[in-house]
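A.B. asks: The structure under discussion is supplied below as structure tokens; questions concerning it will follow.
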């Protein structure tokens, strides 16, 4: 797996989190929860390593990174099948070739419905009491 792919993705995630933390006046980020799509081909170990490096010198330092996997869902353009793609026994298959996903029912062409994304699901922040009252009153 190419570590640059994960580092680039985590850079984007950290930028989103820092931007949101700044917008809300946070002193510190305590945790970040992301959902990793099965077809994003992002490695959890590489993402965690990138997060550790990118959070070293900002308000993310010491924050917990929680990662959950989201399975893929496909829809067949021919028979209408909606569900999970067929799995192969070769777990390293995608490291060497681009996977071809076909309908498990009719082998038809499919559209990927979900499982390609990497999404920030939740951010926990420490916000000073003064800022909390401003946020609640929309000042």
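A.B. asks: What distance in nm separates the two pseudo spin-label positions at residue 22 and residue 86, each 7 Å out from Cα along the beta-carbon direction?
C.D. replies: 5.0 nm
A.B. asks: Nearest 0.05, what FRET efficiency do residue 129 and residue 8 give at R0 = 41 Å with Cβ-Cβ as r?
C.D. replies: 0.65
Coordinate-derived values only; no laboratory data. These numbers come from a predicted model, not from an experiment. Quick reminder, even Gly has a Cβ in these numbers, built from the backbone with ideal geometry, and neighbours come from all protein chains shown.
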